[in-house]
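All remarks here apply to the structure that follows.
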Amino acid sequence: MQKENALSSLTSLFGTGQVVTNAFQLRTYEMDAGLDRGKPLGVVFPKTTEDIIRLVQWANENNISLIARGAGTGLSGGAVAEHGGVIAAFAGMNRVIEFDEVGRSAVVEPGVVNSVLDELAKAKGLYYPPDPSSGRAATMGGNIAENAGGPHCFKYGVTTNYVTGLQVVLADGSLVQLGGRALDYPEYDFLGVMTGNEGTLGIITQASVRLIRNAPAVQTLLVAFDAIEQAGRAVSAIIAHGLVPATLEFMDQRIMRILEDYTHAGLPVDAEAALIIEVDGFAESLSGQMDEIIADLCRHHARDLRLAQTSEERDQIWYARKSVGGAIARIAPAYYPVDGTVPRSKIAETLKAITEICAALKLSVSFVLHAGDGNVHPHIFIDDPHDHALVERVLEAGRQVMVLCVNEGGSITGEHGVGTEKRSGMSLMYNADELRAMLDVKGVFDPKHLLNPGKIFPAELPTSVVPPAPRGQPASPYAPASAQEVASALQAWCAADPPKTVRIRGNGIESAALPPTDVLLSTLELRGIGAYAPEDLYVTVGAGIRLLDLQRVLAKDRMWLPLVSPWQESTVGGIVATNSNAPLRMRYGYGGVRDLVLAVTVVQPNGRIIRCGRSVVKNVAGYDLTKLFVGSHGTLGVISDITFQVVPMPRARSSLIASLDSLERAISLAPRLLRVCLVASAVLLCHRYDPLDGLAPYTLIYTAEGLKEDAAAEIAEVRGVLAAEGVAVRAECESSGSEIWATWLGAALPAGIVMRVGFAPKDLPGMLGGLAQAIDNASFIADLGNGQLYLRDAKNVQAVQKAVQASGGYAVVLSASPGSYNGPERWGHTPGALDLMRALKARWDPGNLLNPGAFIV
C-alpha cells in the first residue's frame, strides 16, 4: 500500500504520458539487450533537468531506487531494475543544445542518439569518434554511463576521451557541474569517474563533448587468413611497425558466414578469419599507409586482399560488421556476447583458449573483436533460452573467460560494463581494498544506495589483508624504494601522536609557497621500468623516474610518451599528480595526461595499497579511479608507479612561424586555422615572445606532425590560409610548438607571477580581447587549440580571474612571490563538486595529512 501511494504521488508530479505504471506496458522495460531481467515499479519519461530533480527528491522521500535508461541497448543488465524501483527513460531529453563548429564541441542531452550527433558533426566536417555497434540506437547518456567504445577506439579513444563536462543530478536531488567546456579544471576528476559509472553515482542531464576534424580521406581493406593465429600475428606486426590504423577488426569464419547470409557484403566466407583494416588522414598519405600494412599482412600469409573502391563498398563492409546482433537473431533465439580485454599480443592464444572452454562445455561460439585494442567478443549461441541447464553452461563459459582475461593481464569488460552480469568477476580483478576504495566513492555520491542498486559490486567482498604494524618512524626526508615502504612510512606517521603531516616531492620546481609539514617523502627512489611492451603500446614505470630518462628508453624502439615538461628534472609522478599538459595534447592522448595513464598504484594515508586500472586501453570494470589521482596534487595518496599508453614517434614534424601586427588580426585568424587542424600538435599565439628573436608584437606558431605526407599536406593548407590573409611565413622548422612553449614557461617559472587560464576553445580568441586591460601588455602564450592561456606578470590577477570565471573558465596562479597566492585564491575556480571533493578527502585522509595546502581542498 505504501508503494501504491508513492506511485500515485509520482503520477501527480508529472504531465500526462510521462509516467507508466501499467504492468503490461512495463514488460518492455524488464530487460536490456542482455540476459538479465527485473520488474520496475514504474517508468518516468523526464523532459527537463527539473523533472529529474523532482524525481530524485521523490525517490528520497519514498526510499525508492532509481535506474537511468537510454535506449536499452546495454548488454550487462545495467539498465535493468533488478530490485524494483523506478526507471527514468530519457527518450524525451534528446536535444542538441549547442553545436560549436569553431571550438569543435557540442552540448547534448542524454537522449541524443550517438549516430545523430556523429552525422551532425560530419555535415560540418567534424567527427565524434566513439562508435559502438549499437550507435544507430544507443544514446549519449547510456554511452557515457558505460564509457562506450567501438571499432575506431584503437586510434581515436573511447567515450571518456571526448567528454569534457557533465551536468549531473546527485542522489540527494542537488545539481552539480563536473568539468565544463574548458580543459583541466582544478578539481578532482569526478568527470572521469562519472563516465563509466553505470548510473550508480548520479543521473546525467547534460554533456559537453569535444569533436575533431573528420579525416578528409579514408581507405578500407578486407583481408582473409587461413588461420586465426596468422591474423593475430598480423595485428601485432602492424602495430610493431609503428602504424596506427583507424580500425583493426577481426571476424572468424562462422560469424562471417552468418553475416554474409544476412548482408550479402561479399565477405571471404571460405577463410578461417578476416580483418577489416581502415586508414585515414589526408589523401596523400593513404596509399603509403596501406602499402606498408599490406606488406606486413603478406608476410603473415594474408590472402584475398579487397580494397574498397567506393564509399558504397566501404559502407557495405561496415554494415556487415555492425549487423552481428541482427544476423545472429535469424539463426538463434538468443546469444551471449562476452566482453573481455587482453593485451593485443595475446589475442591468438586467448581465442584458442576460449574455443577450448566452449568446446568443453559443449557450446557453440563465434568471434568478432576489436583486435586493435584487444577487446574480444566471443558470441555464444543459445538455442533454447528456456533451457536452464544450457543457460547455466553459457554463464559458466562467461565466468571462465573472465578468469582467462584477468590472468592474461586484461579486464573482465572492455566496453559493455559490469552491471549485474559481471559483478561476481570484480573480485577477480580487484582485492578488498580496491573494491572498498570504489565503495568509498559510491558512499560520497550516493550514501543511501538509491541509484541503480546492486550493480557493479559483488555481493560479498574478499577478505582484506591487514598490513603488519610499522616498527618505528623513518627519518625525514625519506625516499622509499617501493609501494610497501611508502605504506609502512605512512602508517607510522599516521599512527604517531600527534599524526605527522607529509609533503610529497619529486624533482619538480615548487610552483607556490606551501605551508611547512612535519616530514618530507621523496619519490626519487621510486624509479625504474617495471614492464615495457612496445607491441602492446604500454610501459609501467616508477613515479620517480624522470620523463627525460623514460623518453630515452622508449626512443630505442621509435616509441615515445607524448608529454613535454619545461624542466629536465621533472618526474612522471609529478607530471601526473599536477596534470601538467603541453599543447601537443591536441594531437596525442586525447584529453592529455589523464588519458595517457592506463593504471596507477597508489598508497593511501592509512597504508592501503590500491591498483587502479590495467595495462589495456579498454577497461570499464568498475569506477575509473585512475583519473582521480591525476591532478590531485598528492592529496589523495602517494603514486608509486604508473602505466602509460605509448605511441609511435612521429615520422615527420614541421612548424610554421609567422608574425602578426595586432591582436585583432590574430583573433580573426584563429578560427580559420582551427578548422584546418587534423595532425596539428600546436597552434600558439605568442605576445612579447619571439622564438626567432624578432620584434613583431605577436608571433603565430603552427606545428603539424605524424606521417610525412599528412604533416606536409596540413602545412600546405595552413600556408594557404595565411596567404589568403596576407600573412607571410617567416620560417619553417622542425622544432615543435610544445618545445617552444616549454622554453618560455621554463624561463618564466618560478620567478614572478605566472598564470594558466582555461576557457572553452571557442571563447579564447574573444577573451584575449576582453582581457586586454587586465593583461596590460603582459607576455603570454595562447594555446588556441586547447583553450589555454599562459600569462606572465599580469598586472591585475583578480581581474583576470573574475572575467574568466564569468565565462565558465578558471585562472590558476602557477607561480608567485613567497607569501602571495598560496591559498584558495590561487586556483581562480570554485568547483561545483567542492563538497564532494571535501567528502572524499575526509574519507581517505581524515587528518588532512597528505600534502596540506597543495590543492584547492
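General remarks:
- Which numbered condition Ile639 fails, given (1) closer than 30 Å to Gly125 by Cβ; (2) of a type in the set (A, V, I, L, M, F, W, C); (3) open to solvent by 10 Å² or more (accessible area, probe 1.4 Å); (4) modelled with pLDDT of 95 or more: (1)
- Residue in region 466-477 that is β-branched (Val, Ile, Thr) and either in contact with a Lys or Arg (Cβ under 6 Å, 6 or more places away or on another chain) or farther than 30 Å from Gly528 by Cβ (or both) present: no
- Residue under evaluation Gly141, criteria (1) closer than 23 Å to Gly758 by Cβ; (2) outside any loop (DSSP other than H, G, I, E, B), criterion not met: (1)
- Checked against the criterion of being acidic (Asp, Glu) and open to solvent by less than 60 Å² (accessible area, probe 1.4 Å), the candidates Asp433, Asp497, Asp518 yield just one match: Asp433.
- Among residues of region 21-45 being aliphatic (A, V, I, L, M) and open to solvent by 20 Å² or more (accessible area, probe 1.4 Å), the one that is modelled with the lowest pLDDT is Leu35.
- Applying a threshold of 8 Å to beta carbon distances and a minimum spacing of six or more residues, or different chains, the list of pairs starting in region 183-194 at a residue that is touching a residue at least 12 places away in the same chain (Cβ under 8 Å) and ending at one that is of a type in the set (S, T, N, Q) and in a helix (DSSP H, G or I) reads Gly192/Thr160; Gly192/Thr626.
- Residue within region 455-468 that is within 30 Å of Ser65 (Cα to Cα), modelled with pLDDT of 95 or more and among the hydrophobic types (A, V, I, L, M, F, W, C) present: yes
- Here Arg558 does not fit the description of being without any contact (Cβ under 8 Å) to a residue 24 or more places away in the chain, closer than 28 Å to Ala704 by Cβ and not acidic (Asp, Glu).
- Of residues in region 114-126 being touching a residue at least 60 places away in the same chain (Cβ under 8 Å) and surrounded by fewer than 19 Cβ atoms within 10 Å (Cβ to Cβ), the one farthest from Leu674 (Cα to Cα): Lys122
- If only residues of region 291-335 that are surrounded by fewer than 15 Cβ atoms within 10 Å (Cβ to Cβ) and among the acidic types (Asp, Glu) are counted, the one that is farthest from His152 (Cα to Cα) is Asp304.
- Among the candidates Gly853, Gly770, residue that is crowded, with 16+ Cβ neighbours inside 10 Å and at pLDDT below 95: Gly853
- Test: residue in region 68-78 that is farther than 29 Å from His377 by Cβ, open to solvent by 20 Å² or more (accessible area, probe 1.4 Å) and in contact with a Leu (Cβ under 9 Å, 6 or more places away or on another chain): no
- Which numbered condition Thr523 misses (of (1) crowded, with 23+ Cβ neighbours inside 10 Å; (2) within 26 Å of the chain's Cα centre (by Cα); (3) of a type outside the set (D, E, K, R)): (2)
- The lone exception for Ile357 - which of (1) touching a helix residue (DSSP H, G or I) at 6+ places or on another chain (Cβ under 6 Å); (2) open to solvent by 50 Å² or more (accessible area, probe 1.4 Å) it fails: (2)
One line per residue, one yes/no per condition, for (1) closer than 28 Å to Arg233 by Cα; (2) out of contact with any strand residue (DSSP E or B) (no Cβ under 8 Å at 6 or more places or on another chain); (3) of a type in the set (A, V, I, L, M, F, W, C):
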position	(1), (2), (3)
Val324	yes, no, yes
Pro343	yes, no, no
Lys352	yes, yes, no
Leu363	yes, no, yes
Leu369	yes, no, yes
Pro385	no, no, no
Leu390	no, no, yes
Arg393	no, yes, no
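- Put simply, of Ala59, Ala88 the only residue that is within 23 Å of Val209 (Cβ to Cβ), touching a strand residue (DSSP E or B) at 6+ places or on another chain (Cβ under 8 Å) and in contact (Cβ under 8 Å) with a residue 24 or more places away in the chain is Ala88.
- Test set (1) part of a loop (DSSP other than H, G, I, E, B); (2) of a type in the set (D, E, K, R); (3) farther than 24 Å from Val235 by Cα - Asp557 fails condition number: (3)
- Cβ pairs under 8 Å, 6+ apart, first in region 473-484 and farther than 18 Å from Ala543 by Cβ, second open to solvent by 80 Å² or more (accessible area, probe 1.4 Å): Ser476/Asp518
- Residues in region 791-842 that are assigned to a loop (DSSP other than H, G, I, E, B), touching a helix residue (DSSP H, G or I) at 6+ places or on another chain (Cβ under 6 Å) and of a type in the set (Gly, Ala, Ser): 4 in all.
- Screening region 301-367 for helices (runs of 4 or more DSSP H) wholly inside it with 1 or more residues that are of a type in the set (Val, Ile, Thr), touching a residue at least 24 places away in the same chain (Cβ under 8 Å) and within 26 Å of Leu35 (Cβ to Cβ) returns the ranges 324-329, 347-360.
- Counted residues, region 8-43 - those being over 30 Å from Ala329 (Cα atoms), free of Cβ contacts under 8 Å to residues at least 60 places away in the same chain and not polar (S, T, N, Q): 5
- Residue in region 192-200 that is among the charged types (D, E, K, R), part of a loop (DSSP other than H, G, I, E, B) and either closer than 29 Å to Arg95 by Cα or modelled with pLDDT under 95 (or both) present: yes
- The set of residues in region 742-782 that are over 25 Å from Gly165 (Cβ atoms) and among the charged types (D, E, K, R) contains only Asp776.
- Within region 404-423, the set of residues being surrounded by fewer than 24 Cβ atoms within 10 Å (Cβ to Cβ) and touching a helix residue (DSSP H, G or I) at 6+ places or on another chain (Cβ under 7 Å) comprises Leu404, Val406, Glu408.
- Being over 28 Å from Val193 (Cα atoms), among the β-branched types (Val, Ile, Thr) and in contact with a Ser or Thr (Cβ under 9 Å, 6 or more places away or on another chain) holds for only one residue in Thr578, Thr601, Thr517, and it is Thr517.
- Residue within region 579-599 that is more than 30 Å from Ala713 (Cβ to Cβ), in contact with a helix residue (DSSP H, G or I) (Cβ under 7 Å, 6 or more places away or on another chain) and open to solvent by less than 20 Å² (accessible area, probe 1.4 Å) present: yes
- Test: residue in region 280-289 that is surrounded by 15 or more Cβ atoms within 10 Å (Cβ to Cβ) and either modelled with pLDDT under 95 or assigned to a strand (DSSP E or B) (or both): yes
- Within region 771-790, considering residues that are among the small types (Gly, Ala, Ser) and assigned to a loop (DSSP other than H, G, I, E, B), the one farthest from Pro750 (Cα to Cα): Gly785
The values are calculated or read from the model by the stated rules, or taken from the named source; none is laboratory data. None of the values given here were measured: they were computed from a predicted structure. All Cβ positions, even for glycine, are placed from backbone atoms using ideal geometry, and neighbour counts span all protein chains on display. Accessible surface areas use protein heavy atoms only, side chains included; no ligands, DNA or RNA. Shrake-Rupley method; radii C 1.70, N 1.55, O 1.52, S 1.80 Å.
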